[in-house]
Amino acid sequence: MKTRNYNTLFWKISLAFFLLLAIVGIAHTYISFKYSKDYIEEVNQRLNHDTAKNIVENSTPFYNGKVIVPALHEMFHHVMAINPSLEVYLVNPKGEILSWYPPEKNISLKAIDLDPIKEFINDKSQHLIRGDDPLNPETKKIFSAHPLMMNNMLYAYIYVVLDGQKQTAASDNLFADYLLRVSYGTTAITLFFTFLVGLLLLRAITKNYAKILSVMQQFKQGDLAARIDIKTVGSEKQMAEMFNEMADILTTNIDKLKEVENLRRELIANVSHDLRTPIAIIRGYLETLQMKEKTLTDDERKRYIDMVSQSSVKLEKLVNELFELSKLEANQIRPNKEAFIISELLNDISSKYQLMARNKKITIDTFLSKELAPVFADIALIERVIQNLLDNAIKFTPENGNISITTEKCVNDHIRITIADNGIGIPEKDRERIFARYYRANNYTDLKNSTGLGLAIAKKILDLHESNLELVSDEGKGSAFIFRLKCN
Ligand code: ADP
């Protein structure tokens, strides 16, 4: 397949190239031939320019104002004896042929065109001029002509047709032949070498294309690591680079898609597990309550109802988070931005978390700047971000740990907010990925309480505020999540 493609391209261009050269060759040969022929005839016409004049000057076929026909024929005969290939005509001023020699030849034309004859007589520079051939009406031949005057009046023209082939001097023939041969020879050699060099160049060019095609084929067949390695410069290199870049983008996208697909599968497994657990608990306790309705003590009944209640809260959280993230990802949530004091919001939230933290023997300290400018953001969404970060901080900080919430002054139109803990920290290899949805790092201990959605939601909300969620973490020592909000 690879070779066939390569050959098709190569042979197609070669054939086109060959045809082009053949056309050039034929055109060149035709032009050389035509001009060589013209050259021979022009030389011949020049050499014999005065033939008709000589005939006229060396004879007097008139007597007492009349033409003496035998004298005329005698004169023609005399000329023919010197050069038998000539045909001599006596043409009146209207162009009609009055007489000719040799008389045994059958002429087809009764009259000839006088324009070339007049041009010949008037032309001092002796250009190539062809006139009618009375024997062959279709052909034009070189000639010599001269007016025949009687009593100072134009009586007729002597029109001598010079048969080029026979008449040409041997040296002229030789020269013209030589000229033609040189012309054919140089054409043939030029075309041959042009074709040879052209083929070599073509091969060099198509070689790169063949390489490109073969790598593309490899890629198509599933070898996603196949890349084109071309050293030359120019369009092939550009093409190769473009393909390589395209292949890189494609493979990266495929990798991303695979990763998303894996995460999606993982989520379905996790979510179904996470949903099943609280549902099973709720069902189990409800069945017990139904079956043992009469035998249960008040305490037992209260404990069972508490368990049902806790599990339904967990279930609700999970369903809500999933719903929230899918709405955020589908861009269905538009932030309703307003100005508010972030330290007040942080104060409120931290008070709510104090109880939960105390239960785990964790302290929450706030370091909030007093003269903070208001931030411009969606208060409910930012509350969600802070809650998710605090949930995580509490979840991943062991007993007797500490969490701090810090805000700084408005600098460059932004306030920096940091939520830090001295918990278990995040392994370096997970630091980039924890923001992806469904991702849970290896440090994760409490599967029951986790959806892997909290940070993804927080990041998406901050995206809507043109802000970023940054992480600074030290495994075993703690983590700090930082984000900035616009202030004025
Ligand atoms: P979830 O907490 O529900 O698992 P998140 O998206 O909020 O989901 O967090 C993703 C992962 O990031 C967590 O599973 C955990 O591995 C890691 N992580 C988040 N916050 C912290 C933190 N403060 N300390 C240590 N690890 C954390």
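The values are calculated or read from the model by the stated rules, or taken from the named source; none is laboratory data. Computed from a predicted model, the values in this text were never measured in an experiment. So basically every Cβ, Gly included, is an ideal-geometry build from the backbone, and we count neighbours across all protein chains shown. Accessible surface areas use protein heavy atoms only, side chains included; no ligands, DNA or RNA. Shrake-Rupley method; radii C 1.70, N 1.55, O 1.52, S 1.80 Å.
Does the stretch 353-365 contain at least one residue that is touching a residue at least 24 places away in the same chain (Cβ under 8 Å), within 26 Å of residue 486 (Cβ to Cβ) and under 53 Å from the mean Cα position of the chain (by Cα)?
no
Tell me, which residue of the stretch 465-488 that is surrounded by 20 or more Cβ atoms within 10 Å (Cβ to Cβ) and closer than 9 Å to residue 426 by Cα is nearest to the chain's Cα centre (by Cα)?
Taking the candidates together, the pick is 473.
Given the conditions (1) touching a residue at least 12 places away in the same chain (Cβ under 8 Å); (2) within 30 Å of residue 151 (Cα to Cα), which single one is not true for residue 118?
Just one mismatch for residue 118, condition (1).
I want to confirm something. Restricting to the stretch 369-382 and keeping residues that are assigned to a loop (DSSP other than H, G, I, E, B) and open to solvent by 30 Å² or more (accessible area, probe 1.4 Å), which single residue is nearest to residue 457 (Cα to Cα)?
Among residues in the stretch 369-382 that are assigned to a loop (DSSP other than H, G, I, E, B) and open to solvent by 30 Å² or more (accessible area, probe 1.4 Å), the one nearest to residue 457 (Cα to Cα) is 374.
For the stretch 59-157, which fully contained strands (runs of 3 or more DSSP E) count at least 1 residues that are among the hydroxyl-bearing types (Ser, Thr, Tyr), at pLDDT 80 or above and open to solvent by less than 90 Å² (accessible area, probe 1.4 Å)?
Strands (runs of 3 or more DSSP E) meeting the threshold: 87-91, 97-101, 136-150.
In the stretch 352-368, what residues are outside any strand (DSSP E or B) and farther than 13 Å from residue 383 by Cβ?
Answer for the stretch 352-368, where residues must be outside any strand (DSSP E or B) and farther than 13 Å from residue 383 by Cβ: 354, 355, 356, 357, 358, 359, 360, 361, 362, 368.
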